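Trainee: The structure's right below; bear with me while I get my questions together.
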Amino acid sequence: MPVSCPPLIRHFPSVTGAGCAPAAFSISGAGVPSIRCPVIKNMVLLSLKNCIWLSCVLRTPKACFWSTASGGLIIQSVSNDVYQNLAVEDWIHDNMDLEKQQVLFLWRNSPAVVIGRHQNPWQECNLRLLRQKNIKLARRRSGGGTVYHDLGNINLTFFTTRKKYERMENLKLIVKALKALRPQLDVHVTDRYDILLDGQYKISGTAAKLGRTSAYHHCTLLCNADKFVLSSVLKSPYRGLKSNATPSVPASVKNLFEEDPSLTSEILLDAIAKEYAVQHQIDHHITLINPADETLLPGISNKTKELQTWDWVYGKTPKFSVSTCLNMAYKGSVLDVKVNMDVKHGRIEVCNIDLPEQWLPPGLYSELVRSLTGSKFCPNETTTLAATLLRVCPQDDELHSRWSLLCENMIRLM
């Protein structure tokens, strides 16, 4: 039986200014409360409208969610950490009996870039900008292209057995939920399993993992993501990369919020949950889970830690090469320094730097190449390495200046 709708309760702070008197509420002679403040009145009306549309989706905390129901289950993460939420996907895929219970997992992340299992992060995004903005980089276990996540982006993961895996049906479910909310929306699923708005703007991309017996299909849904940050971080500044890694396919994107500002992430999540419940003939019930809860998800912490390691995020990058020319400005002239490197498992396997004669003492140059070979293709490790070698350099200001200039340019490649 569908659950009954709990009363909508919202707490409004005191509102003054903007045409509102401090006494925003009053009671009529008949004892009927009225709202005098137009700002609060609009907020209440919008809340009531949203409550009607949500069809009373009830959220409750976890309670051994994997064994409480059969047929279908809807869960939502209370965390916005990308590594924790990706770990939940791994845990469900590895531990739940999806023959008995299909699952819809709803989640959102704080700013993060998520690359596909077989992708090259240097090729896909601006790693320097990610570091500057403190945006996390994660590698998921499914294939597909690179995406930007923030709280304005919804993530949906549909878990089934491999036999029942059907991504097109999942995407049609999302479109149906959107149409139920706003019939005028022009949204449809493409042959590439994207969802387009107005026939040209991508609002959802898809990826999947197919295991031996279990499978999941996950997709994004752009509600109100920061498009400026999205376009900035998903633009690689690195040149001269040669790789067989899976490349992303660029697309024009648009937020649903731009089409209709009333379409918040919460409304969209609940509409999709409602449609999933209808199609699977289950209650409109969302179970809230904490991905850090070891009693609920035994072993989840280890899965989360693994997804954060350098060896997973960068070390799983398919082998690639860098062949470029550093244009280094020095004392009024520009030096062209050719650099060729092979990188395997995220570590420099072969390194050649074509320096002008006498730019560095031969012994120091050889030590630089030797130290770089086998090291991580990583600015932090290269900075540490350069600083260590600088300490054994002769005390010569010009030599130190040249050394610093070369190392700074090498680090920019990473």
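The values are calculated or read from the model by the stated rules, or taken from the named source; none is laboratory data. Given the structure is predicted, the values throughout are model-derived calculations rather than measurements. Cβ coordinates were reconstructed from backbone atoms using ideal geometry, including for glycine residues, and neighbour counts include every protein chain displayed. We work out accessible area using only protein heavy atoms, side chains counted, and drop any ligands, DNA or RNA first. Shrake-Rupley method; radii C 1.70, N 1.55, O 1.52, S 1.80 Å.
Trainee: In segment 271-285, which residues are open to solvent by less than 70 Å² (accessible area, probe 1.4 Å) and either among the hydrophobic types (A, V, I, L, M, F, W, C) or in contact with a Phe, Trp or Tyr (Cβ under 8 Å, 6 or more places away or on another chain) (or both)?
Mentor: Correct list: Ala271, Ile272, Ala273, Ala277, Ile282.
Trainee: OK, next. Considering only segment 176-197, state which residues are closer than 16 Å to Ile267 by Cβ and β-branched (Val, Ile, Thr).
Mentor: Hit for segment 176-197 is Val187, nothing else.
Trainee: Another question, then. Those residues that are within 17 Å of the chain's Cα centre (by Cα) and either among the acidic types (Asp, Glu) or surrounded by 15 or more Cβ atoms within 10 Å (Cβ to Cβ) (or both), I need them from segment 233-246; list them, please.
Mentor: Across segment 233-246, the qualifying residues are Val233, Leu234, Ser236.
Trainee: Tell me yes or no: at least one residue of segment 211-223 is part of a loop (DSSP other than H, G, I, E, B), open to solvent by 20 Å² or more (accessible area, probe 1.4 Å), among the small types (Gly, Ala, Ser) and in contact (Cβ under 8 Å) with a residue 12 or more places away in the chain.
Mentor: no
Trainee: Just checking, which of Asn327, Asn290 is among the polar types (S, T, N, Q), touching a strand residue (DSSP E or B) at 6+ places or on another chain (Cβ under 9 Å), open to solvent by 30 Å² or more (accessible area, probe 1.4 Å) and modelled with pLDDT under 95?
Mentor: On inspection, the qualifying residue turns out to be Asn327.
Trainee: Test each condition in (1) open to solvent by 60 Å² or more (accessible area, probe 1.4 Å); (2) under 26 Å from Gly346 (Cβ atoms); (3) touching a residue at least 40 places away in the same chain (Cβ under 8 Å) for Phe257 and report the one that comes out false.
Mentor: Failing condition for Phe257: (2).
Trainee: Return yes when Ser47 is open to solvent by 10 Å² or more (accessible area, probe 1.4 Å), of a type in the set (Gly, Ala, Ser), assigned to a loop (DSSP other than H, G, I, E, B) and at pLDDT below 95 and no when it is not.
Mentor: no
Trainee: Sticking with this one: Looking at segment 97-137 only, could you name the residues that are out of contact with any strand residue (DSSP E or B) (no Cβ under 7 Å at 6 or more places or on another chain) and of a type in the set (Asp, Glu)?
Mentor: Within segment 97-137, just Asp97 meets the criteria.
Trainee: Taking interchain pairs and intrachain pairs at least six residues apart, which have beta carbon atoms under 6 angstrom, with the first residue in segment 123-149 and under 21 Å from Lys242 (Cβ atoms) and the second aliphatic (A, V, I, L, M) and in a helix (DSSP H, G or I)?
Mentor: Cβ pairs passing all conditions: Cys125/Val233; Asn126/Val233; Arg139/Val313.
Trainee: Let me ask another. Going by the conditions given, is Leu130 within 17 Å of the chain's Cα centre (by Cα), aliphatic (A, V, I, L, M) and assigned to a helix (DSSP H, G or I)?
Mentor: Yes.
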